[in-house]
1. Given the protein chains as shown and a 1.4 Å probe, how many square angstrom of S143 are accessible, to the nearest 10?
2. Can you compute the helix-only [θ] at 222 nm over the chain? Use -39500 (n - 2.57) per DSSP H run of at least 4 residues, normalise by all residues, nearest 500 deg cm²/dmol.
3. Any idea how far the Cα center of the range 86-154 sits from the one of the range 27-49, in Å?
4. Any idea what the dipole of the chain comes to, in debye rounded to 20, about its Cα centre with Lys/Arg Cβ at +1 and Asp/Glu Cβ at -1?
5. Keeping the other protein chains in place, figure out the carbon and sulfur percent of the accessible area of the range 102-152, with a 1.4 Å probe.
6. How large is the accessible surface per residue of the chain, computed with a 1.4 Å probe and reported in Å² as a whole number?
7. Could you order L76, L83, L25, L100 so the one with the most accessible surface comes first? Probe is 1.4 Å.
8. Could you tell me which of S41, N106, T14 has its Cα farthest along the dipole of the chain towards the positive end, charges placed at Cβ (Lys, Arg +1; Asp, Glu -1), taken about the Cα centre?
Amino acid sequence: MTTPVSSGQGAAATLGNPIWQRLWLRCHQSDWQSLALVGSSARDPDAMLEIAQGLARIGKELGQELAVFDARKIGLVDMDGTLQQVKALTQKGKRCLVVLNMVSENATTVPMVQSLDAALIGVFIGETSVVAASRTIDEAGRSKFLGSIVLQQR
C-alpha cells in the first residue's frame, strides 16, 4: 500500500476528501488496535502527527474514536509507560495511533513498533533516504508494516 499525501493536509482530513478516504480504507484492510506511524522530516517535523490527527478526525466522523500518542521524542524511561497506556486503551476496544521517528533518530522506535499491532512508514519525497526507511522497516520487522505514505512537502 502506498498512499500519496501532501504534508500539511491534516486540516483537510474529512470523509469528503478522496485522498483521506483511500488512506482510511487501506489502513483498515488489516486488523489492528494499535498502529505506528513512523517517519520524520526536518522540513515538516509535524507531518506524521498531522496524518495521525487526520485519521483520528475521520474515525470520529465514522463513530470510531482513535487515541493519538506523540511518541517521537520518547526515551527509554517513558517507553514502558507509554506502551502500558496504549495497551490499557486497546484492551477497552479503543484504537491507538502512535507517531514515531525513524530508527536513526530514536532508539525506542524499534521496540515500540514491535510492541504495536501494525505500522505505516512515511516517506518524504526528496528528503527520506532509502537507507533510513529500509533500516527502520528491517529492524522493526517487515511483517509489521502495512505499507507507506508518500508525503510531498508543502
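1. Near enough 120 Å² of accessible area.
2. -12000 deg cm²/dmol
3. 6 Å
4. 280 debye
5. Carbon and sulfur atoms account for 53 percent of the accessible area of the range 102-152.
6. Value returned for the chain: 48 Å² of accessible area per residue.
7. From most exposed to least exposed: L76, L25, L83, L100.
8. Positive-end residue among those listed: T14.
The values are calculated or read from the model by the stated rules, or taken from the named source; none is laboratory data. Note that the coordinates shown come from a computational prediction; the quantities given were computed from them, not determined experimentally. With ideal geometry, Cβ positions are generated from the backbone for all residues, glycine too; neighbour counts draw on all protein chains shown. The protein model used for the area step is the full one, side chains on, heavy atoms only, and it has no ligands, DNA or RNA in it. Shrake-Rupley method; radii C 1.70, N 1.55, O 1.52, S 1.80 Å.
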